[in-house]
1. Would region 180-193 turn up any residue that is farther than 23 Å from Leu247 by Cβ, crowded, with 24+ Cβ neighbours inside 10 Å and aliphatic (A, V, I, L, M)?
2. Out of region 54-81, which residues are free of Cβ contacts under 8 Å to residues at least 60 places away in the same chain and out of contact with any Gly (no Cβ under 8 Å at 6 or more places or on another chain)?
3. So, in region 138-164, exactly how many residues are surrounded by fewer than 24 Cβ atoms within 10 Å (Cβ to Cβ) and either among the β-branched types (Val, Ile, Thr) or within 22 Å of Ile60 (Cα to Cα) (or both)?
4. Looking at region 205-226 only, could you name the residues that are in a loop (DSSP other than H, G, I, E, B) and buried (at least 19 other Cβ atoms within 10 Å of the Cβ)?
5. Just checking, which of Ile229, Ile269 is surrounded by 12 or more Cβ atoms within 10 Å (Cβ to Cβ), assigned to a helix (DSSP H, G or I), at pLDDT 95 or above and more than 20 Å from the chain's Cα centre (by Cα)?
6. Has region 36-43 got at least one residue that is in the same structural domain as Gly166 (by TED's automatic domain parsing), surrounded by 17 or more Cβ atoms within 10 Å (Cβ to Cβ) and of a type outside the set (Gly, Ala, Ser)?
7. Contact list please: Cβ distance under 8 Å, first residue in region 120-143 and in the same structural domain as Ala179 (by TED's automatic domain parsing), second residue of a type in the set (Asp, Glu), pairs at least six apart or on different chains.
8. Scan region 77-124 for residues that are crowded, with 18+ Cβ neighbours inside 10 Å, part of a loop (DSSP other than H, G, I, E, B) and touching a strand residue (DSSP E or B) at 6+ places or on another chain (Cβ under 8 Å) and report the count.
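The values are calculated or read from the model by the stated rules, or taken from the named source; none is laboratory data. Since we're looking at a predicted model, the values are computed, not measured. All Cβ positions, even for glycine, are placed from backbone atoms using ideal geometry, and neighbour counts span all protein chains on display.
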Amino acid sequence: MGWFSKTDTIKKIVKNDIWIRCESCKAHVFKQDWKNNLNVCPQCNFHGTINAYERIGLIIDAGTFKEINQSITPSDPLDFVDAKGAYREKIIETREKLKLNESVVTGTGKICDIPVSLAVMDFRFFGGSLGSGTGEKILLAANYAYEHRIPFIIFSASGGARMQEGTLSLMQMAKTCAAIARLNDRKVPYISVLTHPTTGGVSASFAMVGDLNIAEPQALIGFAGRRVIEQTIKQKLPDNFQKAEFLLEHGFIDAIINRKDMKKALANILSYYIVK
């Protein structure tokens, strides 16, 4: 039998792929080099996704992070079922696979000795979608910042509101924004960091209402998809439309900061705030 018929061997080779293909410039990068560079393309500086705990490890001082409200999980008010199965079963499967209970991890910690309340979205969990559990965790993290008078930071990474939860998902847009607005009563700063991608209901709510809105390079930020917009307005959009650089140029965000510089930049920003 010829070697080319041994499909099991071929499958093993494919699974052990050592390359990453950059989503932006399409360059092939050694997987280890990609990881060593914090999931940033060395060719074009495109910042790929990282999970919530990796992000926390880069931003929060070692040994200071304490997770809060970890037990909050998604709800299934509609008993939603589609062609791929029941939403309830997908929740269980996703939680077991990722060891996460929701699409956001919340907690407290220090950035260069400055205490903060933190919410970090994880795109692996249903595309970082905004569900009722996500909104509840963000609300409680904002309330913690309010009660303890410490800065609040959200790292967004989301495809938008979670359709399986219907109107309850959309309600989280107003709910989270209300919690964040309350921080103004005590002059507690809120910094929003938009990472790739931040779209849909998240970009239309808490992600864009920061005292400072910061993005990573080349992050996709927008509401509706590019193709939907082009078909609606019957016009061709600029090549960099909905990219962080386009938004900065048009005044929608305040700064673009590289991942490797984010912790230092946040510490510098926070040092100017006096929370009374």
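1. no
2. Within region 54-81, Glu54, Gly57, Ala62, Gly63, Gln70, Ser71, Asp79, Val81 qualify.
3. Final tally of qualifying residues: 10.
4. Residues of region 205-226 in a loop (DSSP other than H, G, I, E, B): 205, 209-211, 216-219, 222-225.
Across region 205-226, the qualifying residues are Ser205, Gly210, Glu216, Pro217, Gln218, Ala219, Gly222.
5. Numbers: Ile229 fails: at pLDDT 95 or above.
The conditions single out Ile269.
6. No; the residues of region 36-43 include none that is in the same structural domain as Gly166 (by TED's automatic domain parsing), surrounded by 17 or more Cβ atoms within 10 Å (Cβ to Cβ) and of a type outside the set (Gly, Ala, Ser).
7. Phe125/Glu102; Gly128/Asp122; Gly131/Glu102; Gly131/Glu165; Ser132/Glu165; Gly133/Glu102; Thr134/Glu102; Lys137/Glu102
8. Looking only at that region, the number is 3.
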